[in-house]
Every structure is written in structure tokens, then in C-alpha cells.
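In what follows, a structure is listed as C-alpha cells, so that the remarks can point back to it.
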Amino acid sequence: MPNDSPAASKVPESLIDAIKQVVGPKGFIDDPSAMDAYMKDWRGLFHGRSPLVARPASTEETAEVVRLCAEAKVAMVPQAANTGLAGGSVPDESGSQIVVNVSRMNRILGIDPANMTMTVQAGCVLAAVQQAAIDADRLFPLSLAAEGSCQIGGNLSSNAGGNNTVRYGNTRDLVLGLEVVLPDGRIWNGLRSLRKDNAGYDMKHLFIGAEGTLGVITAAVLKLYPSPRSREVAMAAIPDAATALVLLDRLRALAGEFITAFEYMPRIGVEFVTRHVPDASDPFAEPHPGYVLMELTSADPDAPLRDKLETALGSAFEEGLLFDAVLAESEAQAENLWRLREEMSESQKPEGASIKNDITVPVSRMAEFIETCGARVEAAVDGIRVCAFGHVGDGNVHFNLSQPVGMDPQAFLARWDEVAGIVNDAVAEMDGSFAAEHGVGRMRRGYLAKYRGGVELDMMRAIKGALDPDGLMNPGKVL
Ligand SMILES: Cc1cc2nc3c(=O)[nH]c(=O)nc-3n(C[C@H](O)[C@H](O)[C@H](O)COP(=O)(O)OP(=O)(O)OC[C@H]3O[C@@H](n4cnc5c(N)ncnc54)[C@H](O)[C@@H]3O)c2cc1C
């Protein structure tokens with residue numbers, strides 16, 4: 001794993017004082033013990049240092065903080081809820097970077113039900129945005145396991161995917177307008193709520209997925225959808241990932257417009273969850289090699305979702321494609337099935353060290369990837385436990401590798417580069433991407449040069465150079 005530890009350097013006291021003046025007493029944290037949570041990433045892989053976490057309360061305060069840092073040539077790290085999984089949201093170890101945390105900018109600025117849009121500040125927690133949409137009888141469809149904590153600014157900057165991408169796309173697809181503080185402190189107000197706007201380059205897409213390297217997002221106009229009024233959740237027990245894709249094809253033919261989620265889980269993942277999560281249970285009497293969790297929703301309360309699911313699963317069963325299937329009979333049962341999927345990543349922790357890869361290949365090559373790459377890592381590390389699960393309907397799995405039972409965790413993690421290299425080479429062979437939805441951050445920075453390089457990397461560097469010539473906005477991340 002890339003790990004750079006620049007020499008310690010100091011941020012001028014005069015800058016720190018000036019920022020404190022701008023944001024006021026509630027707008028900063030400088031007590032080292034209180035700062036700790038802002039210094040380390042969710043997985044605990046990176047632990048940085050900073051003299052100050054600035055927590056501006058408005059776009060104007062953010063702009064002034066950024067302007068002061070730019071003038072003093074001091075680097076900044078934009079941060080939202082710090083749940084990102086690529087090490088992008090924390091400062092490095094030098095102590096020379098100011099954290100600009102957007103959490104205090106957490107107001108819903110407006111909802112336009114007729115335009116199907118909502119304007120929000122960057123620090124709004126995703127679950128609060130979802131709830132505000134529900135209160136207006138609308139849906140904001142972005143949904144991921146971190147939704148109770150993660151914030152829109154972070155979702156936008158990492159172009160988060162999540163469980164509903166198969167139907168609604170990634171965060172990028174859910175945005176109409178943005179407001180951004182540029183690395184020199186200027187404010188770009190692109191908070192337009194238009195569905196057609198071909199007036200020049202579409203600037204918002206540069207900042208979405210830029211992981212804080214091009215500016216600080218302060219607000220966004222989000223797309224809303226009709227509220228779902230009917231929902232069906234089912235889980236099928238299947239022999240392998242290839243069957244999951246056949247099932248997806250069948251379901252698409254019958255109920256394509258209703259498929260909201262289509263998630264694959266291997267047996268080992270279900271075992272991890274049922275072993276470590278007290279209220280999680282396997283819905284089947286027998287163990288099976290793999291599972292698919294699927295959800296259909298519709299704005300029509302009378303949509304024949306159950307009929308369609310039963311037809312698809314029934315015919316697949318008759319053809320010998322699946323071993324068994326359950327359709328949730330209640331909300332509680334549906335939540336129980338979803339818990340197996342949602343807890344899959346966290347329940348790997350008690351199993352020891354894990355090497356996590358967030359990869360994507362064309363949907364048509366997903367099963368081939370899981371099989372081929374699984375065999376390669378098993379050949380490389382005796383006893384490695386492959387837990388490849390997730391958004392198979394989008395061609396994206398979390399190809400997570402748990403350490404062999406009994407192995408020293410540090411000895412396993414010491415092989416990170418070698419093992420991740422095997423995975424990323426297989427991804428490249430299948431025309432995929434080593435960063436599907438979690439981003440590059442600090443964790444995968446080295447891979448861009450190796451797997452993208454050339455003209456594409458040149459274009460990225462040119463954009464970075466044009467917007468942030470001094471390299472002050474989240475340095476050491478992505479590029
Ligand atoms: C349990 C769990 C489940 C997850 N599931 C998924 C999933 O299914 N799909 C998925 O895509 N991701 C998933 N994630 C990771 C996901 O990327 C984050 O949870 C979320 O999108 C990041 O939001 P955040 O507010 O925590 O951002 P942070 O972690 O604070 O930041 C993420 C990146 O964005 C930058 N950034 C943050 N705010 C701003 C801003 N206002 N302006 C500019 N840059 C900014 C940071 O510098 C960093 O590079 C999961 C994470 C966890 C912990």
C-alpha cells in the first residue's frame with residue numbers, strides 16, 4: 001500500500017489565528033485529543049496530523065478560510081464525515097495541512113417538488129437528505145451502508161455508488177448543480193436546477209469524484225424521484241456468480257424498470273455475518289455456495305412486483321438455476337435479508353486483517369473475474385479467504401480478501417502490494433477499473449500511473465494544474 005511520510009513542517013501561527021477569527025469559537029478544533037477522530041480514516045489505515053480542523057458554517061466562511069490558506073501557500077484537506085474508504089479525507093503525517101471540514105454546513109436549502117429537485121449544503125448527512133425527500137413525498141435514491149453518517153459533500157466528491165446504482169446510477173447521475181469554493185478561494189455558483197444546459201463545458205462533473213483535489217464543494221442541487229409505494233425483497237440461493245448474472249438477465253426481461261438492487265453474496269460472507277452480527281440469520285435451512293439479494297420497487301402501489309419476482313424465480317428454479325429462494329413476507333423480514341448484505345464488510349473485521357479491493361469489470365465478465373482472480377490469489381497465498389460480494393448488477397464487487405486463519409495479520413498485510421497487484425492486473429486484463437466506487441484517495445494513488453497513464457493522466461494533471469497551480473487542495477491524493 002502506498003505510504004508516504006513527508007517531513008514535519010509548520011503552519012504559521014498567524015494563519016491559524018486568522019482562520020480562527022473567520023470561523024469563530026465554534027468553527028475550529030485545535031485540541032489534539034478532540035482532533036483525533038478527524039485525523040484517522042474509517043479503516044484505521046492512515047493516521048495524520050494537523051494543527052487545525054476548520055469547521056466553517058457557510059460558503060463565505062469556507063471561501064475565506066481557503067483564500068487565507070492559498071495566500072499562505074498552506075495545503076488543505078476537504079473533509080465531510082470521514083467515512084471514505086480510500087484514505088482521501090485525512091491529512092498526511094507532516095502536520096502541515098489544514099483540515100476543512102464541511103459538517104456544520106448541514107441545512108436543506110430548499111425543495112422544489114414540481115422540478116423534482118432539492119438544494120442542500122455539503123454537510124447534510126445522507127440519511128437526513130433521504131428523510132427530507134420522504135417528507136416531501138419524493139425519493140432521493142442514493143443509499144449505502146454509511147448513510148447514517150456520510151455527508152453529501154463526501155458522497156459527491158467520491159461519486160459514491162451504493163445499492164441502488166443498478167436503477168438510478170451513481171451520485172454523479174443524481175446531481176443538477178453545484179457550488180464550489182475553488183483552491184484560490186473564489187466561489188463558483190453553479191447551483192442551477194436545469195435538466196438541460198449545454199452552455200459550454202459541464203463544470204460540475206470535474207468536481208464530482210475529484211475527491212477534494214479541485215476545490216471544496218459547499219452545496220448541490222440533487223435530483224428527486226417519485227416515492228416508491230410498493231416494494232418486494234427476495235433472496236435466492238445459487239451455485240455461483242455466473243448464475244447471478246443469468247438471473248439478472250431473466251429478471252431484467254420481466255421487470256427491468258423495477259429492479260432497484262441486485263447484490264451478490266458468497267457463502268463465506270454470509271457465514272461472517274451470521275457469526276459476528278447477533279441478530280443476523282441465514283434464511284435457508286441448508287448452506288449454499290452463493291446468494292443474490294434483489295429488490296423491486298415501484299411508484300405504483302398496485303404494481304405486480306411480487307408476481308414478477310415469483311415468475312422469474314419460479315422458472316429459474318424449474319430450470320435448475322437456483323437451489324432455493326425466499327420472498328420477504330414483512331418489512332422486518334426484508335430488513336433481515338438486507339442486514340446480511342449491509343454487514344458483510346464490517347463482519348470481516350473480527351476475521352482478522354483483510355486486503356480490500358473495490359473493482360469493476362463489464363457486467364458480462366463479472367463471473368469470469370471472480371473465478372479467475374479468486375484462483376490466482378488462492379494460488380499466491382495459501383488459505384486466503386476470498387469474499388467477493390456486492391453490486392454485481394453494476395459489474396462492481398468488493399473483492400475483499402481475509403487473511404488465512406491463524407496467520408499473523410501484519411504478515412498478511414505486508415503482502416498487500418503483491419496481492420492487490422494480482423487483483424488489479426486481472427481487472428486490467430478484463431478492461432475494468434481498480435477503483436469502482438470508493439475512489440483512489442491515498443490508498444490507490446500509485447495505480448493511476450500504472451493502469452491509466454498516458455493521455456488520460458496528462459489530461460487529469462492539466463486540469464489539476466489549471467485549477468490548483470500550487471497543488472494546495474488535498475495534495476497526495478488521487479494524482
Ligand atoms: C460502512 C460503509 C459502507 C460504505 N458503502 C459504500 C457503498 O456502498 N458505495 C460507495 O460508493 N461508498 C461506500 N462507502 C464509502 C463512501 O465513499 C463514503 O461512505 C461516502 O461517500 C463518503 O462520504 P463522507 O461524508 O464520509 O466523506 P469523507 O470520507 O469525509 O470524504 C471522502 C472524500 O471526499 C473528499 N471530500 C469530502 N467532503 C468534501 C467536500 N465538501 N468538497 C470536496 N471534497 C470533499 C475528501 O477529501 C475525501 O477525498 C462506505 C463506507 C462505509 C464506512
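The values are calculated or read from the model by the stated rules, or taken from the named source; none is laboratory data. Note that the structure is a prediction, hence the values are computed from the model and not measured. Cβ: placed from backbone, ideal geometry, glycine included. Neighbour counts: every protein chain shown.
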**Asked** Would a scan of region 105-114 turn up a residue that is under 19 Å from the mean Cα position of the chain (by Cα) and over 30 Å from V11 (Cα atoms)?
**Response** no
Does region 20-36 include one or more residues that are buried (at least 18 other Cβ atoms within 10 Å of the Cβ) and in contact with a Cys (Cβ under 9 Å, 6 or more places away or on another chain)? no
If we take region 411-479, then helices (runs of 4 or more DSSP H) inside it with 3 or more residues that are more than 19 Å from G154 (Cβ to Cβ) and of a type in the set (G, A, S) are 416-429, 454-467
The residue from D417, D408, D394, D458 that alone is without any contact (Cβ under 8 Å) to a residue 24 or more places away in the chain and either touching a Gly at 6+ places or on another chain (Cβ under 8 Å) or within 16 Å of I355 (Cβ to Cβ) (or both) is D408
Only unsatisfied item for L178, checking (1) within 12 Å of the ligand (Cβ to nearest atom); (2) closer than 22 Å to V216 by Cβ; (3) in a loop (DSSP other than H, G, I, E, B); (4) in contact with a strand residue (DSSP E or B) (Cβ under 6 Å, 6 or more places away or on another chain), is (3)
Filtering region 442-479 down to residues that are more than 16 Å from the ligand (Cβ to nearest atom) and among the aromatic types (F, W, Y) yields Y451
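Yes/no per residue for (1) in contact with a Cys (Cβ under 8 Å, 6 or more places away or on another chain); (2) farther than 14 Å from K20 by Cα; (3) at pLDDT 95 or above; (4) surrounded by fewer than 20 Cβ atoms within 10 Å (Cβ to Cβ):
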residue	(1), (2), (3), (4)
R49	no, yes, yes, yes
R55	no, no, yes, no
R67	no, no, yes, yes
P78	no, yes, yes, no
Looking only at region 81-92, decide whether some residue is more than 8 Å from the ligand (Cβ to nearest atom), modelled with pLDDT of 95 or more and either surrounded by fewer than 19 Cβ atoms within 10 Å (Cβ to Cβ) or of a type in the set (S, T, Y) (or both).
no
query: Is at least one residue of region 136-158 more than 7 Å from the ligand (Cβ to nearest atom), assigned to a loop (DSSP other than H, G, I, E, B), surrounded by fewer than 18 Cβ atoms within 10 Å (Cβ to Cβ) and of a type in the set (S, T, N, Q)?
result: no
Q | Meets criteria (in a strand (DSSP E or B) and within 12 Å of the ligand (Cβ to nearest atom)) for F399 | A | no
Quick check on I98: is it assigned to a strand (DSSP E or B), away from the ligand (no atom under 12 Å from the Cβ), aliphatic (A, V, I, L, M) and touching a residue at least 12 places away in the same chain (Cβ under 8 Å)? yes
